[in-house]
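Engineer: Below you'll find the structure I mean.
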Amino acid sequence: MRLATEVVQFEAAPGDALHPSSTPIYQTATFEQESPTEFGDYDYSRSGNPTRTVVEAQLARLDRAHAAFVHSSGMASLATVATLAKAGDEVILGDDLYGGTYRYFTRIVEAQGVEVLHVDTTDLDAVADSLCPRTRLLLVESPTNPALRINDLRALAELSHSSGTLLVVDNTLMSPALCRPLELGADLVVHSATKALSGHSDLMAGAVCVADPRTAEAVAFATNAMGNALGPFESWLLLRGTKTLALRVERQNRSAEELAARLASVPGLGVLHPSLPGFSGRALHFSQAAGGGNVVCLSTGDPAHSAELVARTRLFRTQVSFGGLTSSISLPYHMSHASIPESVRAERAFGPDLVRLSVGIEDVDDLWDDLAQAMERWTGSRQPAAEEGLVQR
Ligand SMILES: *Cc1c(COP(=O)(O)O)cnc(C)c1O
């Protein structure tokens, strides 16, 4: 089956004689056992909960994984994956990653005796030089956030496996609707389900999807041991969000492409979106993903202009995060990525003038009008509105 069918066609309540069409929320901490020596499928919700089981099975299915695990946030999922590396092991991080990921690995994982390397993973020779038998994990995003650089996931999987390393892909930006890294050879996929998977900006959640049973067992063990699994109600909200994933992503992806094309015709703006003809890594991206995603990045060349653009938009609200129903706008340098030290940010592929747009499900012409009025002051003229027919698709 295809995604649009899979997200709504699944067994909502396995084993429930009443056959409800929506999964019940098992809002319970404990489950009574048959006897002191005979146990049912569930005993304690930290270890397992039927509502969580349904959403985990559904996410495993969407990502073509052996198993999936949901946690209290994307960071909790990443922290769970980090337990696969022990003191003395090495972890390689792509050098453009979500700020919180950078912070967790450099401040916490490194302090536990794991060596953390930062490598430009778009340079395969650099990756090959850095991999060694101690390298337990290679963690990348593609496109990276916020610089939208493309990693060659098939090649990275091959390289990792040649040194016994697990390739972990943080697939938050794409979601399984646009990219399935496990099919390209990755070993684990991490999602901040706070973003596109849930889609409504109404919960914090994370997911880990695992290709092989042995690694899945290690992730299950860590989840139970750490006690960071997603609660029953959030599991239900996440499951409900995933039902509209295909519809939302289709609309948001189309609108993002449309806006990126219109923005690219504004003089003086640098526009980044994988769908744009001049986008570096475009062919590679579309060889591993079905769309460019709902994030469009702009550089104005002037941090003051960028700050003004962010301040002047009305539909694009000033907030972090992406993948939600409503459009948002942010300055990653000052917001989502502020936890990366200034010296490191300075040498990264993005500067303080980078503006990140997350395109929601609103009418695309309303979104364009909002951006056009916000850019009016510094471009010196009103940008042509869509209805004037001046902008070609
Ligand atoms: C938001 C985000 C995270 C962290 O997820 P939370 O749900 O906020 O904990 C990790 N990776 C990426 C790419 C993100 O965008």
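The values are calculated or read from the model by the stated rules, or taken from the named source; none is laboratory data. Everything quoted here is computed from the prediction, not taken from an experiment. Because the Cβ atoms are built from the backbone with ideal geometry, glycine has one as well, and the counts that use them run over all protein chains shown. Surface areas here come from the heavy atoms of the whole protein model, side chains and all, with no ligands, DNA or RNA. Shrake-Rupley method; radii C 1.70, N 1.55, O 1.52, S 1.80 Å.
Engineer: Against the condition more than 14 Å from the ligand (Cβ to nearest atom), modelled with pLDDT of 95 or more and within 15 Å of Asn151 (Cα to Cα), how does Ala211 come out, does it pass? Outline the logic, then answer.
Structural biologist: On the way: more than 14 Å from the ligand (Cβ to nearest atom): yes; modelled with pLDDT of 95 or more: yes; within 15 Å of Asn151 (Cα to Cα): no.
For Ala211, the condition - more than 14 Å from the ligand (Cβ to nearest atom), modelled with pLDDT of 95 or more and within 15 Å of Asn151 (Cα to Cα) - is not met.
Engineer: Please tell me if Glu183 is open to solvent by 20 Å² or more (accessible area, probe 1.4 Å), without any contact (Cβ under 8 Å) to a residue 12 or more places away in the chain and either within 24 Å of Phe105 (Cβ to Cβ) or not hydroxyl-bearing (Ser, Thr, Tyr) (or both).
Structural biologist: no
Engineer: Has region 189-198 got at least one residue that is away from the ligand (no atom under 12 Å from the Cβ) and at pLDDT 95 or above?
Structural biologist: no
Engineer: Additional query: Give just the number: which of (1) more than 22 Å from Ser280 (Cα to Cα); (2) in contact with a Cys (Cβ under 9 Å, 6 or more places away or on another chain) does Ser162 not satisfy?
Structural biologist: Among (1) more than 22 Å from Ser280 (Cα to Cα); (2) in contact with a Cys (Cβ under 9 Å, 6 or more places away or on another chain), the lone unmet condition for Ser162 is (2).
Engineer: Continuing with the same structure: Scan (1) in contact with a Leu (Cβ under 6 Å, 6 or more places away or on another chain); (2) surrounded by 18 or more Cβ atoms within 10 Å (Cβ to Cβ); (3) more than 17 Å from Ala290 (Cα to Cα) for the single condition Ala216 breaks and write down its number.
Structural biologist: Of everything listed in (1) in contact with a Leu (Cβ under 6 Å, 6 or more places away or on another chain); (2) surrounded by 18 or more Cβ atoms within 10 Å (Cβ to Cβ); (3) more than 17 Å from Ala290 (Cα to Cα), Ala216 misses just condition (1).
Engineer: Restricted to region 278-311, and to residues that are in contact with an Asp or Glu (Cβ under 8 Å, 6 or more places away or on another chain) and open to solvent by 30 Å² or more (accessible area, probe 1.4 Å), which residue is nearest to Arg262 (Cα to Cα)?
Structural biologist: Looking at the filtered set, the residue picked out is Ser299.
Engineer: Also, quick follow-up: From Gly185, Gly199, grab the single residue that is within 26 Å of Glu90 (Cβ to Cβ) and either in contact with an Asp or Glu (Cβ under 8 Å, 6 or more places away or on another chain) or not acidic (Asp, Glu) (or both).
Structural biologist: Gly185
Engineer: Applying the selection to region 102-115, what residues are open to solvent by 10 Å² or more (accessible area, probe 1.4 Å), within 16 Å of the ligand (Cβ to nearest atom) and within 13 Å of Ala85 (Cβ to Cβ)?
Structural biologist: Tyr104, Ile108
Engineer: Next question. Anything in region 284-314 that is more than 18 Å from Ala264 (Cβ to Cβ) and either within 16 Å of the ligand (Cβ to nearest atom) or in contact with a Gly (Cβ under 8 Å, 6 or more places away or on another chain) (or both)? List them, or say none.
Structural biologist: Once the filter is applied, which keeps residues that are more than 18 Å from Ala264 (Cβ to Cβ) and either within 16 Å of the ligand (Cβ to nearest atom) or in contact with a Gly (Cβ under 8 Å, 6 or more places away or on another chain) (or both), region 284-314 yields Ala289, Pro303.
Engineer: Now a separate question. Could you tell me how many of the residues in region 315-330 are more than 15 Å from the ligand (Cβ to nearest atom) and not β-branched (Val, Ile, Thr)? Working first, answer last.
Structural biologist: As a first pass, look at region 315-330 and keep what is more than 15 Å from the ligand (Cβ to nearest atom): 315-318, 325-327, 329.
Filter again for not β-branched (Val, Ile, Thr), leaving 315-317, 325, 327.
Result for region 315-330: 5.
Engineer: Tell me yes or no: at least one residue of region 220-236 is away from the ligand (no atom under 16 Å from the Cβ), surrounded by 15 or more Cβ atoms within 10 Å (Cβ to Cβ) and assigned to a loop (DSSP other than H, G, I, E, B).
Structural biologist: Looking for residues that are away from the ligand (no atom under 16 Å from the Cβ), surrounded by 15 or more Cβ atoms within 10 Å (Cβ to Cβ) and assigned to a loop (DSSP other than H, G, I, E, B), one finds none in region 220-236, hence no.
Engineer: Something else about it: Pick from Arg345, Arg377: which is modelled with pLDDT under 90, closer than 30 Å to Val119 by Cα, open to solvent by 10 Å² or more (accessible area, probe 1.4 Å) and not in a loop (DSSP other than H, G, I, E, B)?
Structural biologist: Details: Arg377 fails: closer than 30 Å to Val119 by Cα.
Sole residue among the options that is modelled with pLDDT under 90, closer than 30 Å to Val119 by Cα, open to solvent by 10 Å² or more (accessible area, probe 1.4 Å) and not in a loop (DSSP other than H, G, I, E, B): Arg345.
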